[in-house]
């Protein structure tokens, strides 16, 4: 088994955030948040990193920092659709055989977490890779805002097949909080052909019920494997999250 030989990292970004307006351009110690995300993805050293966005202001911020960005349709319903368009624009001949989707609101993400989402693609039967963390907070076990993944990690293994994703606590633990539940982290690694197939699929029944697009892939028979990591990256969705990111990225702390 071997990993895809020519992967690319694409970071989808959009300005239309209701809780934190102009989120990609929120300043963190002199640089826009999207630039911090781009730098972290570059440090993962998987392959070239492209920002896929809908606004010229984001392109300007990324290019001023030395990065590359491409403008995509602002009406895309999901980050997956945005990265697919970007990939078609920058690589129409299909030279890149895999794409890693890193969210544009994770300015503190560790490079090794980005690398971890690439590892399940070593198995040629895996279409899509993603991440999970064992839940340690009892409240998260039942919180609908925390997406769970059912995956049976064999002893000594940190990669397992995803059987289902849900906002409900899965699998059933019988009230025993010592049995692990896993918090899904929404980073994805796609084989090029798998991404093309995924974005061509219609919205599915379970996807609409759970409001989780990854269920579209499972319902279509695609295989998703999960790599287990140690921490949930800080997603910046609110002013409080932004303040926390600024604290974590303060000079001397990184």
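Between residue 63 and residue 154, the C-beta separation translates, for a Förster distance of 45 Å, into a calculated FRET efficiency of about 0.50.
Working note: 222 nm ellipticity from helices only, DSSP H runs with n ≥ 4, each -39,500 (n - 2.57), summed and divided by the residues of the chain, gives -8000 deg cm²/dmol to the nearest 500. Cα gyration tensor of the stretch 179-237, axes a ≥ b ≥ c as square roots of the eigenvalues: rounded (a/c below 1.5), prolate (a/b > b/c) or oblate? Here the stretch 179-237 falls in the prolate category. In terms of its alpha-carbon gyration tensor, the stretch 114-216 comes out oblate; a/c meets the 1.5 threshold, while b/c is at least as large as a/b. Here the Gaussian network model covers the chain, with springs between Cα atoms less than 10 Å apart; of 66, 235, 30, 30 fluctuates the most.
None of the figures in this text is laboratory data; all of them are computed from the coordinates on show. What you see is a predicted model, and the numbers here were worked out from it, not measured in a lab. Ideal geometry is used to build each Cβ from the backbone, glycine not excepted, and the neighbour counts take in all protein chains shown.
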